[in-house]
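Step one of this worksheet: look at the structure below.
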Amino acid sequence: MKVLAFAASSSRQSINKQLASYAASLLEGAQVEVLDLNDFEMPIYSADRENENGIPAQAQAFYSKIGEADAIIISFAEHNGSYTAAYKNIFDWTSRISQKVYQDKPMVLLATSPGPGGAQSVLNSANGSAPFFAMDVKGSLSVPSFYDVFDADKGELTDEELKQQLKESVFSLQS
């Protein structure tokens with residue numbers, strides 16, 4: 001199984017990237033590719049730019065990566081209660097190729113933050129819009145208070161209840 005994992009964040013120190021990578025590592029025998037959204041940076045989407053220059057190669061490459069995967073794990077960072085600008089821009093450009101950005105791939109949607117909210121607002125938005133963008137959501141989990149429940153040195157969740165919930169979500173990709 002080819003699994004594509006990424007954080008919906010451009011932070012090089014992204015806790016969401018740590019969570020997505022950890023989640024993907026739970027799938028034994030899977031071929032995992034962890035994307036960095038910085039590799040898909042493009043000008044801010046506008047219809048004028050699209051009309052003048054077409055769709056950037058980075059959007060095409062992102063769409064192709066999704067198409068090549070058997071399953072996808074995304075962990076959403078939350079900026080002011082919503083998607084990060086980096087993710088939203090890549091998503092907006094890619095949606096111009098096809099509204100079905102996620103191509104009916106089985107997915108697990110995650111979110112985390114340092115605070116007790118666990119980026120639940122952005123996760124709710126992603127889950128709510130999933131059907132419109134061909135996300136086959138198999139599982140979803142918000143991880144609150146990341147630094148209290150994740151051991152960065154070991155690269156794993158330390159909270160047993162959250163760990164079990166994450167495993168159940170991720171293992172649903174194999175069925």
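The values are calculated or read from the model by the stated rules, or taken from the named source; none is laboratory data. As the structure is a prediction and not an experimental result, all values here were calculated from the model. Reconstructed Cβ throughout: ideal geometry from the backbone, glycine too, with neighbour counts over all protein chains shown. Each accessible area value is taken on the protein alone, full model and side chains, heavy atoms only, with ligands, DNA and RNA left out. Shrake-Rupley method; radii C 1.70, N 1.55, O 1.52, S 1.80 Å.
Here the accessible area is traced with a 1.4 Å probe on the protein chains. For the chain, carbon and sulfur cover 44 percent of it. For segment 1-40, trypsin sites (Lys or Arg not before Pro) are listed when DSSP marks them as loop and at most 12 other Cβ atoms sit within 10 Å of their Cβ; the list is R12. Look at the Cα gyration tensor of segment 104-175: its axes a ≥ b ≥ c give a/c of at least 1.5 with a/b at or below b/c, and that counts as oblate. Taking a ≥ b ≥ c as the square roots of the Cα gyration tensor eigenvalues, with a/c under 1.5 meaning rounded and otherwise prolate when a/b beats b/c, else oblate, which class fits segment 7-77? Oblate. Accessible surface for the chain, divided over its residues, is 48 Å² per residue with a 1.4 Å probe. Within the set K138/K163; K88/K154; K100/K167; K2/K105, which residue pairs have Cα atoms separated by over 23 Å? From the list (K138/K163; K88/K154; K100/K167; K2/K105), the Cα-Cα distance tops 23 Å for K88/K154; K100/K167. Our summary gives the chain a relative contact order of 23 percent, counting only alpha carbon pairs under 8 angstrom and 6 or more residues apart.
By the helix-only formula, in which each DSSP H run with n ≥ 4 contributes -39500 (n - 2.57) and the sum is divided by residues, the chain has a 222 nm mean residue ellipticity of -11000 deg cm²/dmol. In terms of its C-alpha gyration tensor, the chain has a prolate overall shape, because the principal axis ratio a/c (a ≥ b ≥ c, square roots of the eigenvalues) is not below 1.5 and a/b outweighs b/c.
Multiplying the residue separation of Q174 and D159 by 0.36 nm and removing their Cα-Cα distance gives an extension gain of 3.1 nm.
Working from Cα pairs under 8 Å separated by at least six residues, relative contact order for segment 90-175 is 31 percent. Would you be so kind as to identify which of G54, T158, A77 lies farthest towards the positive end of the dipole of the chain, taking Lys and Arg as +1 and Asp and Glu as -1 on Cβ and the Cα centre as origin? The Cα lying farthest towards the positive end belongs to G54.
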